Amino acid sequence: MRRLERFDNLVAMFFTRAEEKGDAPFLWRKSATGWSSQSWRAVAEQISSLSSALTANGITRGDRVMLVSENRPEWLIADLAIMAAGGVTVPAYVTNTERDHQHILDNSGAKAVIVSTAKLAKPLLPAVLRSECCRAVIGIEDLRVGQAGDVAFLDWAKLIASYAPDVAATRAGANFQRDDLACIIYTSGTGGAPRGVRQHHGAILHNVNGCCTVIAEDFGWDDEVFLSFLPLSHAYEHSGGQFFPIGIGAEIYYSEGLEKLASNIEEVRPTLMVVVPRLFEVLRARMIKTIEKQGGIAPALLQRALSLGAKELNGTSRFWDKPVDFFIGKTLRPKIQQRFGGRMKALVSGGAPLNPEIGVFFHALGLTLLQGYGQTEAGPVISCNRPKAGIKMDTVGPPLAETEVRIAEDGEILVRGELVMHGYWRNDAETARVLQPAADAAPDEAPWLHTGDVGHIDARGRLVITDRKKDLIVNDKGDNVSPQKIEGMLTLQPEIIQAMVSGDKRPHLVGLIVPDPEWAISWAVANGYRPDMRGLCDDPALHRAVQAAVDRVNTQLSVIEKVRRVALACDAFSIDNEMLTPSLKIRRHKIREVYGAKLDALYKS
């Protein structure tokens, strides 16, 4: 069984793989003429040249360089070139506003910025010009800047062409250690201004090793193919979708975006892919609609497959289930698997809680879905479901190798190991709050990361997440209620695309519901209404139809979990209106700013 070697830093890991793989294809992008690749050797040479260019332009050890780009080969090249020059990568979301960029620039003290396009540079450059530290902007594409001022504007291609690659020298110069800072990743901010997480090389390497162990022991790794879809500025994709593939010498294809994701999956035929639960929810809804439209035996087969899948996961399958299971395996499952390329070993879900029903759905259709758990402050992967430990969809699996997890007296999940960050950048108070030594710890003992999540460990060593500690609703009787569980159940209903429940210090729960627009328009046409979402949201009949969906969920909930009344929101929660983080988690405080009065009114009438 293959094991990952121990590396001193991420740059050394990359150059080792590049030397082994040579002219084999590595990074793929799609253009009008189709998919084209760059080899490991070509990428290594570009990293070497860009690293030299950064050094020549004043980047020294420890300097921060901000990176603003969509997923593309240049993202990886820039990231590793910054690190190879001794710098620290500061990724930023492409959805950031000018204010977001200003905060990251000022807080990180970035000395330079690499940005991919003129469009992404538009909200960035005003912040750069106001920055006291940033003195250079490198444009991967033409930025069309008319006047430079005090900031130097440099061209990516010209910089690389100006410095001959010396891969051996670049590799030898990358002599930093696992404890050295690799990047500062700003959290997506579900509860306020983003904080810069100091991820050292060892934290990410720890994650890579843990993920390699899972693949080696449960699947075996060979010539793996990844499709990169989630933003690389997010720690989950950065570690799981970039450095993990590097660690196992895999090929990486860069998706064209959400609209073309389904076709990209069929074209690329990935073997491994990291995704977020929201994507599974969307895919599940589309697949159900497609199967229902087929009519005939297909819908009945789907329901039978779901029943058998649940039985298998619960260990209650019986001999007489095998003929039907065999038939589904020859008819329905191959069609679904082909839509995912036909050779998918595993889809790994992280970044937010996965509703167990979603997991059962994909498992029943023959796709291996592994739910992971983590946070940016821990590399970010802490644990992952795996077949060897027995997949149970309401757990997030056992901790990664060399990762300690324990449960505090109040139920909070604590984590310790090399994966844990060294602290928040320039934020000692928050660092001291989340990194705390054990009461009986020796002076040199590593602190525990207080995750802010609540959970327990089951009899087979698998971690079960109950909720975010700060998101727990405590009603007026002192009962604790998990909003994420209820919201997940609500959004499985065809009438509901998004939901947030509320009820802290209140006698019962209420909810804010975003109706599914496709369902709402179909409902309007069927009931003689104009298909206009804004007008429909105020209509009592639509409200009753949505409440009926909520009531169906209430039948599966305890008394304290039932959602008594709901209000409707016409506009979906989105990244643009700041109600969703870039990793598609709801930002409760932002939603309350807009809809708080509407939710409070549900208790008055």
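The values are calculated or read from the model by the stated rules, or taken from the named source; none is laboratory data. Predicted, not measured: the structure shown is a model, and the values here were computed from it. Here the Cβ positions follow ideal geometry from the backbone for every residue, glycine too, while neighbour counts run over all protein chains shown.
A few notes on this one:
- For the stretch 11-23, filtered to residues that are under 20 Å from residue 216 (Cβ atoms) and in contact (Cβ under 8 Å) with a residue 40 or more places away in the chain, the residue that is surrounded by the fewest Cβ atoms within 10 Å (Cβ to Cβ) is 20.
- Restricting the stretch 378-428 to residues that are closer than 30 Å to residue 312 by Cβ and of a type in the set (Ser, Thr, Tyr), the residue that is farthest from the chain's Cα centre (by Cα) is 403.
- Qualifying position, being small (Gly, Ala, Ser), buried (at least 19 other Cβ atoms within 10 Å of the Cβ), touching a Phe, Trp or Tyr at 6+ places or on another chain (Cβ under 7 Å) and modelled with pLDDT of 90 or more, among 549, 545, 569: 569
- The listed residue being touching a helix residue (DSSP H, G or I) at 6+ places or on another chain (Cβ under 7 Å) and modelled with pLDDT of 85 or more, out of 304, 343: 304
- Neighbours by Cβ (under 8 Å, 6+ apart or cross-chain): first from the stretch 59-79, over 17 Å from residue 15 (Cα atoms); second acidic (Asp, Glu): 67/79; 71/237
- Single residue of 418, 402 found to be under 19 Å from residue 244 (Cα atoms), crowded, with 18+ Cβ neighbours inside 10 Å and either in the same structural domain as residue 108 (by TED's automatic domain parsing) or in contact (Cβ under 8 Å) with a residue 60 or more places away in the chain (or both): 418
- For the stretch 106-118, filtered to residues that are outside any helix (DSSP H, G or I) and of a type in the set (Ser, Thr, Tyr), the residue that is surrounded by the fewest Cβ atoms within 10 Å (Cβ to Cβ) is 117.
- Once the stretch 584-605 is narrowed to residues that are closer than 25 Å to residue 275 by Cβ and assigned to a loop (DSSP other than H, G, I, E, B), the residue that is modelled with the lowest pLDDT is 584.
- Here residue 150 does not qualify as within 30 Å of the chain's Cα centre (by Cα) and not in a helix (DSSP H, G or I).
- Close contacts from the stretch 210-224, counting a first residue that is over 16 Å from residue 373 (Cα atoms) and a second that is of a type in the set (S, T, N, Q) and crowded, with 19+ Cβ neighbours inside 10 Å, with Cβ to Cβ under 7 Å and a gap of 6+ residues or different chains, come to 224/271.
- When residue 481 is tested against the conditions (1) at pLDDT below 85; (2) out of contact with any helix residue (DSSP H, G or I) (no Cβ under 7 Å at 6 or more places or on another chain), the lone failure is (2).
- Of all residues in the stretch 119-142 being within 17 Å of residue 75 (Cβ to Cβ) and hydrophobic (A, V, I, L, M, F, W, C), the one that is surrounded by the most Cβ atoms within 10 Å (Cβ to Cβ): 124
- The stretch 576-585, subset touching a residue at least 60 places away in the same chain (Cβ under 8 Å) and buried (at least 17 other Cβ atoms within 10 Å of the Cβ), residue nearest to the chain's Cα centre (by Cα): 583
- When residues of the stretch 432-471 are limited to those that are of a type in the set (Val, Ile, Thr) and in contact (Cβ under 8 Å) with a residue 60 or more places away in the chain, the one farthest from residue 589 (Cα to Cα): 464
For (1) farther than 21 Å from residue 92 by Cα; (2) touching a helix residue (DSSP H, G or I) at 6+ places or on another chain (Cβ under 7 Å); (3) small (Gly, Ala, Ser), each residue gets a yes or a no:
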residue: 197; (1), (2), (3): no, yes, no
residue: 211; (1), (2), (3): yes, yes, no
residue: 221; (1), (2), (3): yes, yes, no
residue: 225; (1), (2), (3): yes, yes, no
residue: 235; (1), (2), (3): no, yes, yes
residue: 238; (1), (2), (3): no, no, no
residue: 248; (1), (2), (3): yes, yes, no
residue: 251; (1), (2), (3): yes, no, no
residue: 264; (1), (2), (3): yes, no, no
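- Test set (1) closer than 24 Å to residue 371 by Cβ; (2) in contact (Cβ under 8 Å) with a residue 24 or more places away in the chain - residue 317 fails condition number: (2)
- Inter-residue pairs, beta-carbon under 6 Å, first in the same structural domain as residue 513 (by TED's automatic domain parsing) and closer than 20 Å to residue 564 by Cβ and in the stretch 536-550, second in a helix (DSSP H, G or I) and of a type outside the set (Phe, Trp, Tyr), 6+ apart: 542/536
- Screening the stretch 115-152 for residues that are under 18 Å from residue 51 (Cα atoms) and in contact with an Asp or Glu (Cβ under 8 Å, 6 or more places away or on another chain) and picking the one that is modelled with the lowest pLDDT gives 135.
- Close pairs (6 angstrom Cβ cut-off, 6 or more residues apart or separate chains): modelled with pLDDT of 90 or more in the stretch 96-109, in a loop (DSSP other than H, G, I, E, B) and surrounded by fewer than 22 Cβ atoms within 10 Å (Cβ to Cβ) anywhere: 105/131; 109/133
- Any chance residue 505 is surrounded by fewer than 17 Cβ atoms within 10 Å (Cβ to Cβ) and not hydrophobic (A, V, I, L, M, F, W, C): yes
- The set of residues in the stretch 85-105 being touching a strand residue (DSSP E or B) at 6+ places or on another chain (Cβ under 7 Å) and either of a type in the set (A, V, I, L, M) or surrounded by fewer than 21 Cβ atoms within 10 Å (Cβ to Cβ) (or both) consists of 88, 90, 92, 94, 104, 105.
- Screening residue 45 on (1) assigned to a helix (DSSP H, G or I); (2) modelled with pLDDT of 95 or more; (3) closer than 21 Å to residue 232 by Cα; (4) of a type in the set (D, E, K, R) shows it passes everything except condition (3).
- Residue 554 being in the same structural domain as residue 502 (by TED's automatic domain parsing) and closer than 30 Å to residue 468 by Cα: yes
- Residues that are surrounded by 21 or more Cβ atoms within 10 Å (Cβ to Cβ), under 23 Å from the mean Cα position of the chain (by Cα) and in a loop (DSSP other than H, G, I, E, B) do occur in the stretch 71-84, at least one of them.
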